[in-house]
Amino acid sequence: MLDTIDAIQRELQQDGFVWRFTPASLGQQGLPLDGVEGAFIPCTFWLVSALAKTGRHDEAERLLKQVEEFYGPLGLFSEQADPRTGAALGNTPLLFSHAEHLKAGMDLAMSAPLEMLHLAAGKVAAGITRLVQ
């Protein structure tokens, strides 16, 4: 699993965000109709979970915070993002992205040192509250 995480970071991660594939490897024909493919937000949250579960808590926390800051105070996660331009791409908001955000937050909380669990649980609860309001 550690080698897979390292390969994902090396091959598919750009500016913190994770792509589903390398768009250049497919050429223009492999891209969506408008020719734009961004980083897939659920993939980025999956990386947060994987980092947390393999003991790379600080790295996972930094990545989660980066994605949350990208989307700002409303926290409406899109399907994809272009971290270079700051554009949200695809379906917005995307329930799948929100579900994976909550899961990544829980995985991060479970990997935290015991004294941090209370603080992390509060952040996850705040995220859930923000979603249902």
Scanning the stretch 49-75 for residues that are assigned to a loop (DSSP other than H, G, I, E, B) and of a type in the set (A, V, I, L, M, F, W, C) gives L74
*asked:* Condition (residue is within 12 Å of H101 (Cα to Cα), surrounded by fewer than 19 Cβ atoms within 10 Å (Cβ to Cβ) and in contact with a Lys or Arg (Cβ under 8 Å, 6 or more places away or on another chain)) applied to the stretch 60-73: is it met by at least one residue?
replied: no
Checking A52, A60, A87 in turn, the sole residue that is hydrophobic (A, V, I, L, M, F, W, C), out of contact with any Cys (no Cβ under 7 Å at 6 or more places or on another chain) and either more than 26 Å from A126 (Cβ to Cβ) or modelled with pLDDT under 95 (or both) turns out to be A87
Considering only the stretch 97-108, I want to know if a residue exists there that is surrounded by 17 or more Cβ atoms within 10 Å (Cβ to Cβ), among the aliphatic types (A, V, I, L, M), modelled with pLDDT of 90 or more and touching a strand residue (DSSP E or B) at 6+ places or on another chain (Cβ under 9 Å). no
For the stretch 37-64, pairs from a residue that is without any contact (Cβ under 8 Å) to a residue 40 or more places away in the chain to a residue that is surrounded by 18 or more Cβ atoms within 10 Å (Cβ to Cβ), with Cβ under 6 Å and 6 or more apart or across chains, are C43/V18; T44/F17; T44/V18; T44/V67; E59/L51
Picked from the stretch 75-96 (must be touching a helix residue (DSSP H, G or I) at 6+ places or on another chain (Cβ under 8 Å) and more than 17 Å from Q13 (Cβ to Cβ)), the residue surrounded by the fewest Cβ atoms within 10 Å (Cβ to Cβ) is G86
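The values are calculated or read from the model by the stated rules, or taken from the named source; none is laboratory data. Since we're looking at a predicted model, the values are computed, not measured. Ideal geometry is used to build each Cβ from the backbone, glycine not excepted, and the neighbour counts take in all protein chains shown.
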